[in-house]
Amino acid sequence: MPCPCHLENRRKYARAGRSAQLVLSVLLFFVALSLAKNAAAFTRIATSSNSLSFGSVTVGTSLTLRVTLTNTGTRSVTVSQATVTGAGFSISGLVLPLTLHARDNATFNVEFAPAVGGSVTGTISIISNARNSTISISLSGTGVAQPTANLSPPSMTFASQALGTTSSAQAATLTNSGGTTLNITSIALTGANSSDFAQTNNCGASVAAGANCTISVTFMPSASGSRTASVTITDNASGSPQTVSLSGTGTGTAALVSLSPTSLAFGNQPVDMTSSAQTVTLSNTGNAALSITSLALTGTNASDFAQANTCGSSVAAGANCTIAVMFTPSVTGTEAASLSIADNRSGSPQTVPLSGAGTHDVILSWTASTTSGVVGYNVYRGTTSGGESATPLNSSPINGTTYSDETVQAGQTYYYVVTAVASDDGTQSAYSNQTSSTVPSP
């Protein structure tokens with residue numbers, strides 16, 4: 001039977017073994033914990049920016065910014081998820097799951113495409129198994145609304161129309177479906193046969209967001225066959241100018257009137273003195289005779305104008321006639337009237353605006369010199385008798401025996417003398433007798 005002392009020693013050794021195992025287990029736990037902490041310390045990712053500002057972006061367009069994602073640790077990191085919040089923000093180019101090795105990086109795109117106007121904020125959240133497992137990037141931008149011009153219908157086709165007659169109107173609607181005011185620069189007819197169409201509109205200079213206006217078009221063909229043009233709207237909307245295509249067919253025969261020039265300006269003319277005639281040519285560019293009902297002067301100062309013409313009661317197709325107009329102002333100041341032609345042309349009467357101004361010029365005339373070698377005359381003026389200036393009013397010798405002094409003032413008396421100028425432009429005769437003129441007050 002074993003000795004009790006031996007039994008006691010074995011128990012002592014057993015207790016010592018259990019103590020050693022316990023110590024070893026504790027040591028292994030702390031080693032594992034330390035290794036886990038060290039591993040986490042070597043896994044970390046970072047972004048090139050923690051906030052992105054897109055500024056102002058027009059609605060309907062987009063702006064893209066790039067972000068770089070970097071593994072700044074010494075161990076590989078796996079990015080498992082990326083989410084975006086905020087209306088209009090999105091990301092692309094980031095394929096998940098994504099493994100980034102130590103010191104490796106990857107780039108992706110962030111886009112802002114606002115659908116409506118106003119400020120927007122959002123966030124990108126990136127989730128990985130790195131120590132900083134969630135990274136956030138703040139986003140901000142402002143959608144800037146713009147006008148949008150829509151035309152309906154986009155084209156107009158007119159039925160066959162007799163030459164020189166006007167069709168019924170067709171209407172196009174211009175709608176601003178955008179978020180801000182549509183500013184209109186011009187609405188015009190353009191194209192090969194634009195003069196065969198006419199337009200009126202109620203659009204004005206702008207159309208408010210969500211509002212619309214109407215453009216009415218008529219067709220008056222000037223020649224047989226197909227006629228085309230466009231309504232062109234120039235504005236601040238994308239795609240400007242917008243257009244409505246126009247087409248129609250001219251048929252039959254008609255007289256067509258062309259006036260050249262389309263207005264007459266007589267400038268300054270001395271009161272009660274008749275101007276030189278200015279001529280208007282009336283051409284019938286159609287293929288039927290133009291019947292003239294009347295040819296008259298109308299308007300506020302019609303009585304100060306006169307006309308004479310070769311037109312008669314009709315002008316044949318392809319022919320023309322002339323109308324001579326004279327101006328004899330009865331008062332000082334601006335005067336206006338119109339030459340009005342009533343005929344069988346659609347749109348009759350046709351008119352030519354007339355304008356002129358009456359002035360109190362002093363008109364001088366003298367008897368020609370009988371001395372040989374005279375090439376012209378000089379006119380001298382003063383405001384006192386015998387006080388004429390030594391410098392003539394005319395810049396070169398006058399080739400004639402009349403002179404109109406237009407640089408006079410109402411209510412002033414002027415004194416004049418004339419000299420004859422020899423062919424050497426230097427020798428002058430003695431002064432003529434003196435004459436005077438007092439300019440009437442207005």
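General observations
- The angle separating the long axis of helix 4-41 from the principal Cα axis of greatest extent in the chain is about 10 degrees.
- Net lengthening on full extension, Q434/N236 (0.36 nm per residue, minus Cα-Cα): 64.4 nm
- M156 sits among other residues whose Cβ lies under 15 Å from its own Cβ, and their net charge, with Lys and Arg +1 and Asp and Glu -1, is 0.
- Global size of the chain as Cα Rg and Dmax, reported in angstrom: 48.0, 184
- Relative contact order of the range 257-359, defined on C-alpha pairs under 8 angstrom at six or more residues apart (%): 37
- Cα centroid of the range 208-249 to Cα centroid of the range 281-346, whole Å: 33
- For the chain, the relative contact order works out to 9 percent when only alpha carbon pairs closer than 8 Å and six or more residues apart are counted.
- Potential extension, S346-S136 segment - 0.36 nm per residue separation minus Cα distance: 68.2 nm
- Virtual paramagnetic centre 7 Å along Cα→Cβ of T228, amide N under 15 Å, in the range 244-264: 244-250
- Separation between Cα centres of the range 412-435 and the range 134-155, rounded to whole Å: 80
- Distance (nanometres) between label positions extended 7 Å along Cα→Cβ at T427 and S303: 5.4
- Computed across the range 362-438, the Kirkwood radius stands at 12.8 Å (inverse of mean 1/r, all Cα pairs).
- Distance from the range 254-271 to the range 48-64 (C-alpha centre basis), Å: 61
Every read-out reported here was derived from the displayed coordinates using simple, explicitly stated rules and does not represent laboratory data. Keep in mind it's a predicted model, so treat the numbers as computed, not measured. Heads up, the Cβs are rebuilt from the backbone with ideal geometry, glycines too, and the neighbour counts pull from every protein chain shown.
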